[in-house]
Amino acid sequence: MSRKSLLNETSEFYLKSGDYNGMPVSLLVERYGEMNVRDWLSELISEGLISVVFGDYHPNPHIKALPSEPESEQLGKLNTRLFQRACVYPNGKHLSEVIDHAAFAGRPFDFCLALGEPQLIHKSFDLSILEAYRNDPRYYYTCDDIHGQISVVDEFSRTDTMKASDQVFLETFGFSFDEAGHLHVAAFLRYLSKLSPEHQQVWSSKHVSGETYLHPDYYRTSIIGDWPERLSLYQAVLLEMKTINEICAAIGRAPLFKDDYAENRRPRAFGYLLRPTLKEYNDFIHLLDKMLSENISREFFKDDVSFESEEQR
């Protein structure tokens, strides 16, 4: 028994767990004894080969959700009550030497996890990555300008008309900004790794390099479990239409708008422009015109406005 066997056992557990889980300290203590585990972990942390998640920084120690705490903080917590519920993770410095790199060919995001990257760090992508899903009726695509989700419509998932590699599910995506304020799509590594190899490669080709920052409301809901109060401009327009129709009902009038697009019936393309092209802009203007001016109901005006006019010639 040695610290090398502890390191190897931790790495094997991590790679074979199915979800890149950490090795519970309690299991290591059963095998090697508490004093040995504390001493060996202290040495391995200092050498950058191991990191320990204690379940206080993020409530679930069984996944490495966020970047490791500084080594000094990890070492300080080894002798606290947090030690008993902690989980141990091999670091990329060690994993890069023991994993079969070829086994992850075509799965770039799965490969990132296999190298020990945190599951809830985000990757940013060009907005155009969403275009294929938004425009394809086989996908259930929803987005409120802060959060979104992509899945396959049931009728296609149960037939052979859609390739298995295209039957993907992205549990959540959001948005991020770079230093210049440019908007990007953001998705967490955990969910990107669940995509098929074909779609992982497509997303990887749209990856945006450089530092980006999560939309503050997406960060609040996805990372710290808080609920934002703000809405996007697009959501505000829909709420305004709904409110106007409610006012119409209160004064005994027919609704001003034929359709207020409530109950998740928001048009897919009513949101951020995914490509900086004239066509995308014109399509959006045409959609906005249909939602507002062409959506006004004549019934609202009753007999107050004449729908015909006479002009003497």
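Where a number appears in this text, it was derived from the coordinates with a stated rule and is not lab data. Here the structure is a predicted model, which means the values were calculated and not measured. Heads up, the Cβs are rebuilt from the backbone with ideal geometry, glycines too, and the neighbour counts pull from every protein chain shown.
Where the Cα atoms of region 17-88 are projected onto their three principal axes, how long is each span, largest first, in whole Å?
Reported extents, whole Å, longest axis first: 27, 25, 23.
Figure the gain on full extension for residue 75 and residue 277 (residue separation times 0.36 nm, minus the Cα-Cα span) and round it to one decimal in nm. Can you show the working numbers first?
Values: separation 202, 0.36 × 202 = 72.72 nm, distance 5.31 nm.
Taking 0.36 nm per residue and subtracting the Cα distance, the gain is 67.4 nm.
Between rounded, prolate and oblate, where does region 145-254 land on the alpha carbon gyration tensor, with a ≥ b ≥ c its root eigenvalues, rounded for a/c under 1.5, else prolate if a/b exceeds b/c?
Oblate.
Starting from the Cα of residue 121, step 7 Å along the direction of its Cβ; do the same at residue 299; then give the gap between the two resulting points in nm.
5.7
Per the Cauchy relation, a quarter of the hull surface: what is the mean projected area of the convex hull of the alpha carbons in the chain, in nm²?
Values: hull surface 98.2 nm².
Hull-based average projected area comes out at 24.6 nm².
Mind pulling the angle between the C-alpha long axis of helix 278-291 and the longest principal axis of the chain? Nearest 10 degrees, somewhere in 0 to 90.
The angle comes out at about 60 degrees.
May I ask you to evaluate 6.51 cos²θ - 1.76 cosθ + 1.60, the Karplus curve with θ = phi - 60°, for each residue of region 36-43 and list the ³J(HN,Hα) values in order in whole Hz, giving x for glycine and proline?
Coupling constants for region 36-43: 4, 4, 4, 5, 5, 5, 4, 5 Hz.
What ³J(HN,Hα) values, in whole Hz, does the Karplus curve 6.51 cos²θ - 1.76 cosθ + 1.60 give for region 57-73 when θ = phi - 60°, with x put for Gly and Pro?
Running phi through 6.51 cos²θ - 1.76 cosθ + 1.60 with θ = phi - 60° gives 6, 9, x, 10, x, 7, 10, 8, 6, 10, x, 4, 5, x, 4, 4, 6 Hz.
For the chain, what does the helix formula give at 222 nm: sum of -39500 (n - 2.57) over DSSP H segments with n ≥ 4, over the residue count, nearest 500 deg cm²/dmol? Please report the intermediate quantities before stating the final value.
On the way: 13 runs with 116 residues, N = 313.
Only helices count here, giving -10500 deg cm²/dmol.
Mind checking which of 106, 121, 267 is farthest towards the positive end of the chain's charge dipole, using Cβ charges of +1 (Lys, Arg) and -1 (Asp, Glu) about the Cα centre?
106
Give me, ordered by chain and number, the residues 5 or more places off residue 69 or on other chains with an amide H under 5 Å from its own placed amide H.
Correct list: empty.
Roughly how many debye, to the nearest 20, is the charge dipole of the chain about its Cα centre, given +1 on each Lys and Arg Cβ, -1 on each Asp and Glu Cβ, and no other charges?
In debye, rounded to 20, the chain gives about 680.
From the cross-link list 16/64; 93/194; 64/206; 16/194; 16/123; 163/194, which pairs have alpha carbons spaced over 20 Å apart? List each step's numbers first, then the result.
Details: 16/64 15 Å; 93/194 24 Å; 64/206 25 Å; 16/194 16 Å; 16/123 24 Å; 163/194 16 Å.
Checking Cα-Cα distances, 93/194; 64/206; 16/123 exceed 20 Å.
Placing +1 on the Cβ of each Lys and Arg and -1 on the Cβ of each Asp and Glu in region 174-247, which of 213, 187, 200 has its Cα farthest towards the positive end of the resulting dipole?
Farthest towards the positive pole: 200.
Cross-link partners among lysines for residue 290, C-alpha distance below 18 Å, same-chain residues fewer than 8 apart left out?
242, 258, 279
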